[in-house]
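*Asks:* After the structure tokens below, expect a handful of questions from me.
Bear in mind that the values in this text are calculations on the coordinates, not laboratory data. Bear in mind the structure is a predicted one, so any value in this text is a computation, not a measurement. Positions of Cβ are generated from backbone atoms using ideal geometry, with glycine treated the same way; all protein chains shown enter the neighbour counts.
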Amino acid sequence: MIEFKLPSLGADMDQGKLLEWKVKPGDIVKRGQVVAVVDTSKAAVDVEIWQDGTLFEQLVPIGETVPVGTVLATLLQPGETPEQAALQKRQAPAARPAPAAPATAAAAPSRVSVPAAAPPSQRRPVSPAARKHASELNVDIDKVVGTGPHGAVTIEDVEKAAARAVPAPADRYAEMRKAIAAAMSRSKREIPHYYLSETIPMQRTAEWLARENGKRPVTERILMGALQLKAVALALAKAPELNGFWLDGKFQAATGVHIGVAISIRQGGLIAPAIHDVDKKNLPELMRTLSDLVSRARAGSLRSSEMSDPTITVTNLGEQGVEAVFGVIYPPQVALVGFGRLEMRPWVESGELRAVPLVTASLSGDHRASDGIRGARFLAELRERLQHPEEL
Amino acid sequence: MNETEIRTRVTAIIKSIAPEVEEGELRADRPLRDQIDLDSMDWLNVLVAVNEKLHVDIPEADYGKLVSLDNLVAYLHGKLASRA
């Protein structure tokens, strides 16, 4: 029997509210499949499963808030029968942490009606009990999708609709602010940061990109941000101490380069989901992934794997007009790379003063995991990589 | 398509990218990106949507001409008129 647990979706998340099951008992699930939707303080996250199997039992009802690590469901391994699983369960009952005390937001969420999949029909049956329950829960009965006979709205449907109601934007923002506050306070309390910066001439890269984009239709154009991400990923090969986590009092190098991209949310706040294996993606692929990630992050629809495993974060505040960023590391990561604005500035090359597009790249490093000399090597390599855009 | 129609379409596109924009508050003759928080990804998405809805592919070299909403509408009107 396989236990499917609520994964940690970042350092600032210790509990989540189950919004939706995407599978039901008896369904076959594949590694990487989205099986549930969980509301964290930052977003509604599609939670993936990482083992193949058949869903056996759902242990957490929709609407319940549970701590990270709670067994949400059990699965049968390929070949395992329900009888074997039931026997195993009797012998070793799955320890399930007590449900967390509901978080403030979960205790009194403002109810938002859930968009119906089908247009509401006036004639479909709604039992008086369901109608009464809907009114108690402040759910718009006309917008509830009925799953009973002839599309009848059942009490269960009403409860599901109520559970799916997500906090209104103002609550969401307050919750996100709290999550950022917790993670950043922990970072500044625990991580001895060091900061380095390097001015990088970008003429070659800017010219190369203009030529490339000149050949591309608008739908396939590449942004400078994508080149910067790729250059960071490749430069990390020279400084593996910057890519990974500080856990249990020691550095653990990551096996892949999964860059957390800091994305600002229009209503306020910030989220930094990961792009996986940035070092192995070509630029068009990276650009598509980045574009998709930004739109999903802003729509509040991210996957658990994107939330849980960034190995380093990159932030670009250049568009807001600052020259350089000295960021706060997102624990348990050990480094953050910042880019400032790209602009024409005076630059001396071969004894001559010229106007050249420049960008300031910075590194915030965790001094427990790496020393400044390694950070300096990383920035030198980043600068070098950005002189050869055709190799990115 | 006349300028008014183009303006309506372009305004709708901008609103889809930046929903917080109040139409009345947007000054058409002032730089767009000073008034709306549009980063380069948002701007690219505006141009992708323009391409999709109006079938005009704006080359990157022309971005500099498209500072205000008026600039963008006039540019698109010119492109569409020359095609007709």
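*Asks:* I'd like to verify a number: residues in the stretch A:320-346 that are crowded, with 21+ Cβ neighbours inside 10 Å, in contact with a helix residue (DSSP H, G or I) (Cβ under 6 Å, 6 or more places away or on another chain) and without any contact (Cβ under 8 Å) to a residue 40 or more places away in the chain, how many?
*Replies:* So the answer is 1.
*Asks:* So which of A:L302, A:L234 ends up being away from every other protein chain (no Cβ under 14 Å), in contact with an Asp or Glu (Cβ under 9 Å, 6 or more places away or on another chain) and either surrounded by fewer than 17 Cβ atoms within 10 Å (Cβ to Cβ) or not in a helix (DSSP H, G or I) (or both)?
*Replies:* Step by step, each of A:L302, A:L234 is checked, and only A:L302 is away from every other protein chain (no Cβ under 14 Å), in contact with an Asp or Glu (Cβ under 9 Å, 6 or more places away or on another chain) and either surrounded by fewer than 17 Cβ atoms within 10 Å (Cβ to Cβ) or not in a helix (DSSP H, G or I) (or both).
*Asks:* Taking the residues in the stretch B:50-75 that are assigned to a helix (DSSP H, G or I) and over 28 Å from A:E207 (Cβ atoms) as candidates, determine which candidate is farthest from the other protein chains (Cβ to nearest Cβ).
*Replies:* My answer is B:D70.
*Asks:* Oh, and also: Within the stretch B:4-11, is there a residue that is out of contact with any Ser or Thr (no Cβ under 7 Å at 6 or more places or on another chain) and within 13 Å of chain A (Cβ to nearest Cβ)?
*Replies:* No: zero hits.
*Asks:* Next question, about the same structure. Looking at A:L247, A:L223, A:L209, which one is under 22 Å from A:T313 (Cα atoms) and either within 14 Å of another protein chain (Cβ to nearest Cβ) or buried (at least 17 other Cβ atoms within 10 Å of the Cβ) (or both)? I'd like the intermediate steps shown before the answer.
*Replies:* Details: A:L247 fails: either within 14 Å of another protein chain (Cβ to nearest Cβ) or buried (at least 17 other Cβ atoms within 10 Å of the Cβ) (or both); A:L209 fails: under 22 Å from A:T313 (Cα atoms).
Exactly one residue qualifies, and that residue is A:L223.
*Asks:* For the stretch B:12-49, what are the residues that are within 9 Å of chain A (Cβ to nearest Cβ) and within 14 Å of B:Y75 (Cα to Cα)?
*Replies:* Selection gives B:L47 alone.
*Asks:* While we're here: Looking only at the stretch A:265-286, count how many residues are in contact (Cβ under 8 Å) with a residue 12 or more places away in the chain and in a loop (DSSP other than H, G, I, E, B).
*Replies:* 10
*Asks:* So in the stretch A:188-206, with the set limited to residues that are surrounded by fewer than 16 Cβ atoms within 10 Å (Cβ to Cβ) and part of a helix (DSSP H, G or I), which one is farthest from the chain's Cα centre (by Cα)?
*Replies:* A:R204
*Asks:* What strands (runs of 3 or more DSSP E) lie completely within the stretch A:312-392 and have 2 or more residues being more than 25 Å from B:S40 (Cα to Cα) and either of a type in the set (G, A, S) or out of contact with any Lys or Arg (no Cβ under 8 Å at 6 or more places or on another chain) (or both)? Walk me through it before giving the result.
*Replies:* On the way: elements: A:312-316, A:335-339, A:343-349, A:352-366.
Correct list: A:352-366.
*Asks:* Identify, please: which residue in the stretch A:45-72 is assigned to a loop (DSSP other than H, G, I, E, B) and of a type in the set (A, V, I, L, M) and is, among those, farthest from A:K17 (Cα to Cα)?
*Replies:* Ranking the qualifying residues of the stretch A:45-72, first place goes to A:I49.
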